[in-house]
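Trainee: Pasting in a structure now, in structure tokens, and then I'll have a few things to ask.
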Amino acid sequence: MLESDMGSFSIWHWLIVLLIVVMVFGTKKLKNIGSDLGGAVKGFKDGMKEGGADTPPAAGQVTQDASRADKAAIDVEAKQKS
């Protein structure tokens, strides 16, 4: 019989574990879990792409939209105080 370290498993160990998992959960439930996990990963990637578009400009760079937003904020504050 082959001896192995405590942390490493042979391919046979993993095949037995896979067989037990399939027997316990069934293939339908495992397929649903896989598709749910894939959808979650896709949603996370899409969210990261959308968040990347909203990053602030680098230091020293001011865009026209940012200066307009600052002026609007000052006007709103002045209107609220009076």
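Trainee: Could you calculate the contour length gain from Asp36 to Leu15, that is, 0.36 nm times the residue separation minus the distance between their Cα atoms, to one decimal place in nm?
Mentor: 5.2 nm
Trainee: So, counting K/R as plus one and D/E as minus one, what does the shell of residues with Cβ under 13 Å around Gly39 add up to?
Mentor: Neighbourhood net charge equals +1.
Every number in this text was worked out from the coordinates using simple rules, so none of it is lab data. All values reported here derive from a predicted model rather than from experimental measurement. Every residue, glycine among them, receives a Cβ derived from its backbone with ideal geometry; neighbour counts consider all protein chains shown.
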